[in-house]
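Shown next, in C-alpha cells, is the structure this report addresses.
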Amino acid sequence: MISLAPPVDSWLYPVGSGIYCEPGDFYIDPGRVVDRAVITHGHSDHARAGHRAVLATSETIEIMKVRYGEDCAGVFQPLAIGETIDINGVRVRLVPAGHILGSAQVVIEWAGRRAVISGDYKRASDPTCAPFELVTCDVFVTEATFALPVFRHEKARHEADKLLSSLRAEPDRTHLIGAYNLGKCQRMIRVVRDAGYDKPIYLHGAVVALTELYQKLGVDLGELLPVAGTDPKSMRGGIVMCPPSALGDRWSRRFGDPVNAFASGWMRVRGRARQLGVELPLVVSDHVDWPELIQTVIETEAQEIWVTHGREDALVHYLGTLGRKARALALVGYGEEAE
Ligand SMILES: [Zn+2]
Ligand SMILES: [Zn+2]
C-alpha cells in the first residue's frame, strides 16, 4: 500500500543548530536561543539558557535551574513522562532515555508519521534514572558518540568492583574518580554503594550542587562530604569524586600520591587513559556502545535514521549495509562534554 502521509523531513528537519518542527513551531535541543524549545536533558550541549519557553521533564528543568539560575528561561513547562500534549496539532510526548536523571526521548507525531528524537541514551542499567523505553517510529534520531565497533562499555557494577579492589590493594592512597559532574558522578556513587561501599564519599566543589540535587530528587547516594574543609589525611584510602579536569591539577596535590581513576567510555582506548595519566581506567558510559546502538536502531523499526553528534560517518555507512536509509545531520555545537 502506498502511504499518503507526508515524509517526516517535510515537517521536521535540522536547521544547523538543532531540529525544527515546522507545524509545531518548536525546536528540539536548539544550539541557539529560540522562542520554543523542547529539551531532552540537562547536558550543556542540549540544554542552553535563554529560551523564551522550555518544555522538558521536571527533573531536567531543575537541573537547568541549578546550572544556569532560576530565570534561565522565560517560561518552564514541565511535561510528565508518558503524558501527551498537543502543540498546534502536533502530538508531543516524552519517554525515558536512560541517559541521566530526567533524560527523555521526544516522540513527535504529525499527519500519521512518528519521529523519535532520542537525545543521548543508553540501554545499560543505571539506578539513578528511569530505563530507556523503546518506541517504534518512522524516523529515529540517534546520537553516535561511541559509534565504532571498538566501543563496548563494561557493566558499571564490574567497574565499581574493580575500584573497590583497588582500594583494598592500596589502602593508603586516596582514589580520585574523575567523572562528568552531571550524571556520571552520581551514577558512579550509586553503583559503588550498591557494590557495598558504605564509608563517606568526598566531593570536589564542582560536583556538589548537582549531586545534592540528585539527592533532593530522591536518588539515595549515602553519606557525602565536601573535600573543602576536610583534612586530606582523613580522606586517605577513601573515594573522592571530582571533574576529570581536576585529575593531576593543583587541587589534586593535597592528596599526596593519589590513584587517578577516570570513569568514561573513552577509557576503552588505552592510549587515551595513558595520555591523561589515568592509573585506573573505568569503562563506564552513559551513552550506548556499538552493539546497543545497532540493536536499538533495528528495534525501533525506523526506515530512516538521522545521526547526530559523534562518529556519524561510520554509523551511516554501516546502517546503509543493513539496508536502512541513514543520514548525518551535522548539527553544530554538540560535543563530548557529557563524557
Ligand atoms: Zn549530548
Ligand atoms: Zn548527554
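The values are calculated or read from the model by the stated rules, or taken from the named source; none is laboratory data. Everything quoted here is computed from the prediction, not taken from an experiment. Here Cβ is always computed from backbone atoms with ideal geometry, including for glycine, and neighbour counts include all displayed protein chains.
Among the residues of the stretch 119-139, those that are of a type in the set (Val, Ile, Thr) and away from ligand 2 (no atom under 16 Å from the Cβ) comprise Val135, Thr136, Val139.
For (1) part of a strand (DSSP E or B); (2) under 22 Å from Ile61 (Cβ atoms); (3) of a type outside the set (Ser, Thr, Tyr), each residue gets a yes or a no:
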position	(1), (2), (3)
Arg91	yes, yes, yes
Leu94	yes, yes, yes
Asp120	no, yes, yes
Ala124	no, no, yes
Pro131	no, yes, yes
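Of the residues Leu163, Leu148, the single one that is among the hydrophobic types (A, V, I, L, M, F, W, C), in contact with a strand residue (DSSP E or B) (Cβ under 7 Å, 6 or more places away or on another chain) and in contact (Cβ under 8 Å) with a residue 24 or more places away in the chain is Leu163.
Of Val316, Val307, Val278, all but one fail to be closer than 18 Å to Asp45 by Cβ, among the hydrophobic types (A, V, I, L, M, F, W, C) and either assigned by TED's automatic domain parsing to the domain that holds Cys137 or in contact with a strand residue (DSSP E or B) (Cβ under 7 Å, 6 or more places away or on another chain) (or both); the exception is Val307. Flag: Gly271 does not match the condition of being loosely packed, with under 14 Cβ neighbours inside 10 Å and in contact (Cβ under 8 Å) with a residue 40 or more places away in the chain. Checked across the stretch 40-57, the condition of being of a type in the set (A, V, I, L, M, F, W, C), at pLDDT below 95 and surrounded by fewer than 18 Cβ atoms within 10 Å (Cβ to Cβ) holds for no residue. Take Ala330 and decide whether it is surrounded by fewer than 20 Cβ atoms within 10 Å (Cβ to Cβ) and within 16 Å of ligand 1 (Cβ to nearest atom). So Ala330 passes the test.
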